[in-house]
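Here's the structure we're looking at; comments come further down.
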Amino acid sequence: MDVLLKEEFIAAMHRFKKVGRSFLPCCGINMGEFFVMERISRDMPCSSTDISASEMQNHPQFTKPAVSQMLNSLEKKGYVHREIDKNDRRRIVVTLTADGEEVLKQGKTNFNNLVNQAIARFGEENTRQFISLVARLTDITEDLKDISPQDDKKEEHLD
């Protein structure tokens with residue numbers, strides 16, 4: 001395989017990841033924290049269905065250590081509050097604070113504006129094609145996780 005193509009691919013992936021991380025510079029939170037706050041916000045209006053820390057950790061988008069780290073960070077910033085569930089003392093309920101709700105609102109506005117501008121500049125057809133290609137690449141990389149290291153070495157010798 002072309003070495004330059006590999007390097008350009010890796011550089012493009014790193015660049016895209018770096019841009020994604022800086023989508024919320026105004027709010028003092030990263031994308032992971034934004035999505036955690038968004039998830040908490042969705043469950044908050046119904047007090048009977050408050051989200052617990054362990055329920056957040058079971059979300060497929062997040063790993064348990066990442067959720068724990070993000071909740072700690074958000075709590076230090078004063079954006080979330082954790083307390084023991086009065087009905088089940090084994091359960092820790094997570095809610096947004098007033099400051100957290102404000103930061104999330106500001107983050108959503110900024111995020112939506114940036115996404116709208118990016119789509120407008122990139123074009124609808126390019127955006128649809130990009131979505132399709134990213135989905136395909138994601139499927140391929142998920143499939144490659146199942147390949148053993150021995151299989152990977154065999155493929156390297158074929159290059």
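Just the residues that are closer than 28 Å to residue 103 by Cα, out of contact with any helix residue (DSSP H, G or I) (no Cβ under 8 Å at 6 or more places or on another chain) and modelled with pLDDT of 80 or more, please, taken from segment 5-36.
Within segment 5-36, 14, 15, 16, 17, 18, 35 meet the criteria.
Listed residues 2, 43, 50; which is exposed (fewer than 10 other Cβ atoms within 10 Å of the Cβ) and either modelled with pLDDT under 70 or of a type outside the set (Val, Ile, Thr) (or both)?
Being exposed (fewer than 10 other Cβ atoms within 10 Å of the Cβ) and either modelled with pLDDT under 70 or of a type outside the set (Val, Ile, Thr) (or both) holds for just one of 2, 43, 50, which is 2.
Considering only residues that are surrounded by 10 or more Cβ atoms within 10 Å (Cβ to Cβ), in a helix (DSSP H, G or I) and over 22 Å from the mean Cα position of the chain (by Cα), which ones fall in segment 123-134?
Once the filter is applied, which keeps residues that are surrounded by 10 or more Cβ atoms within 10 Å (Cβ to Cβ), in a helix (DSSP H, G or I) and over 22 Å from the mean Cα position of the chain (by Cα), segment 123-134 yields only 126.
What number of residues within segment 81-115 satisfy the criterion of being surrounded by 14 or more Cβ atoms within 10 Å (Cβ to Cβ), under 22 Å from residue 20 (Cβ atoms) and of a type in the set (Val, Ile, Thr)?
1
The values are calculated or read from the model by the stated rules, or taken from the named source; none is laboratory data. A quick note: this is a predicted structure, and the numbers were derived from the prediction, not measured. Reconstructed Cβ throughout: ideal geometry from the backbone, glycine too, with neighbour counts over all protein chains shown.
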